[in-house]
Each structure stands twice: as structure tokens, then as C-alpha cells.
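The values are calculated or read from the model by the stated rules, or taken from the named source; none is laboratory data. A quick note: this is a predicted structure, and the numbers were derived from the prediction, not measured. With ideal geometry, Cβ positions are generated from the backbone for all residues, glycine too; neighbour counts draw on all protein chains shown. Just so you know, the surface numbers come from the protein's heavy atoms only, side chains and all, with ligands and any DNA or RNA stripped out. Shrake-Rupley method; radii C 1.70, N 1.55, O 1.52, S 1.80 Å.
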Amino acid sequence: MRPHAVHAVIAVKSLDRAKSRLADRLRPEHRARLALAMLTDTVRAALAAAPIDSVTVVTPDEVVAALARALGAVAHPDPGGPGAGLAPDGLNNALTSAAEAVRRANGPVALVAMQADLPALRPAELAEVLAAAPPGRRAMVTDHTGEGTAALLQLDGFAPLAPRFGPGSALRHVTGGAFPLDGDWPGLRHDVDTGADLDLIVRLGAGPATTAVLTDIGHPGAVHEPVHPVC
């Protein structure tokens, strides 16, 4: 049986390592501001989704942790410490640690692991994903590339999250028993790694925090009529 409570976990690396693939577009201080803004929009959207009871942000960065708490999320220390970064093993260890902490605090709840940089995410998308997932099973949503994972769900409150994020994670999650969910959820599927990703989320309609930062730093097209209306 699917537990009624669903709790989200999000991993964020240190700000000095944030969004390195945008180095050709943005200065380091701008990349850090953008990472915080995208996290802000992601957490706010998740907390506004009716099925989500809480959001836990696992990070080695105190600035990120302080922001998470200010947004109403729980901050959890990265078990790898400040120098661990979030390479695939570090990312999966961080998410596992956060998921275990959530269940120690709340009992056998359902979990959803999400990316931290989903500035076009809408609360209704996340609600639809949770409604579409088979009760009591692992499920996943593939990202816009078709190879990565936008969200991993563990709706069996007693089964481990068992994240397998990293390159090619979609196939690893499916091979590990996660049911692939199909739906029109562009804000959930589009994280931001490259300049092309950034341009796309502007067209989709980035959240207010991300839009404000992009406007302030003079990113072209920051104020754009979205094709993905706010829900």
C-alpha cells in the first residue's frame, strides 16, 4: 500500500562547484547565484505540490543549507563532507543519507528524489507524477535527454530509495526495477546543465527567483513569454 505521506529529497553540491558547464556563459559568482535561484524555484514548487509533505536538501554548503531552511525545507549535511563534491557515488550516497534521515524522523514514508535545478517546475506536474505512479512501487521520470533521471520515486515506505544517478541513470533505474512514467511534464524533465538548457527553461517559463537573477545579470531573453504556463 502506498504511504500517504510523500517526502522529497534533493542534493546540492558546494556553490564553488556549481554549474561549471555554464562557465562559457556566466562568471563564477553569477553561477552561484543562479544555482541558489534555481534551487529556490525547485523547492518552492515541490512544497506547493499537494502530495509533498516535506523537502529535505542534502548539501555540504552552509549557504545552501541556510537557504533551504529559509524556504521551509529541512537541511541535511552531506555525509561526504565539504570536499566530497557530488560525483555519481557522492550524489547517490548523499540522497541515500537524506532518505534514511527522513524515514528516521517520519516513519515508513514514500520518497521522491529530484534534481535541484528545475526552475520551470510546476507544482501540478509533480502532483500528476505522483498520481500516475503505481502504488507501492519504484518509478522514475526520464529527463529531456532520454538518458538521465529527472525524478526517482520509492512509494514502498519500507523499501530503500536505492538511487543510481549519474550518466545513463535512466537505464540503471529501469533495470533496477523502477517503472518509467510517461507524461507531459517539461518543467520536471528539464534540468539545467548547459547554455542550451538555460535558454530552453527561459522559453518554458523559469520561476521568479531564476528569472530575477537572469534579468539582473543581463542574460539574453530572461524576460520571455513562457510556453509552459504557470499552474
**Message:** Once each part is reduced to its C-alpha centroid, what is the distance from segment 92-109 to segment 147-185 in angstrom?
**Reply:** 16
**Prompt:** Under a 5 Å amide H to amide H cut-off, with H placed in plane at 1.01 Å, what residues pair with Thr142 once short-range neighbours are removed?
**Reply:** Ala150, Leu181
**Prompt:** Roughly how many Å² is the accessible area per residue of segment 108-231, as a whole number, for a 1.4 Å probe?
**Reply:** 40
**Fill in**
Packing-ranked peptide list from 6-18, 192-204, highest mean Cβ count within 10 angstrom first, is 6-18, 192-204
**Message:** Under a Cβ-only charge scheme (Lys and Arg +1, Asp and Glu -1), can you give me the dipole magnitude of segment 1-140 about the Cα centre, in debye to the nearest 20?
**Reply:** 160
**Within the accessible area of the chain (1.4 Å probe), percent carbon and sulfur** = 57
**Asked** Among all helices in the chain defined by DSSP H, which have a length of 20 Å or more along the axis from Cα atoms plus a Kyte-Doolittle mean of at least 0.0?
**Response** 28-48
**Complete:** Labelled set (1) 11.0; (2) 12.9; (3) 15.4; mean projected area of the Cα convex hull in nm² computed from this model equals the value at (1)
**Complete:** Answer in debye to the nearest 20: the dipole magnitude of segment 114-231 about its Cα centre, from +1 Lys/Arg and -1 Asp/Glu charges placed on Cβ, is 400
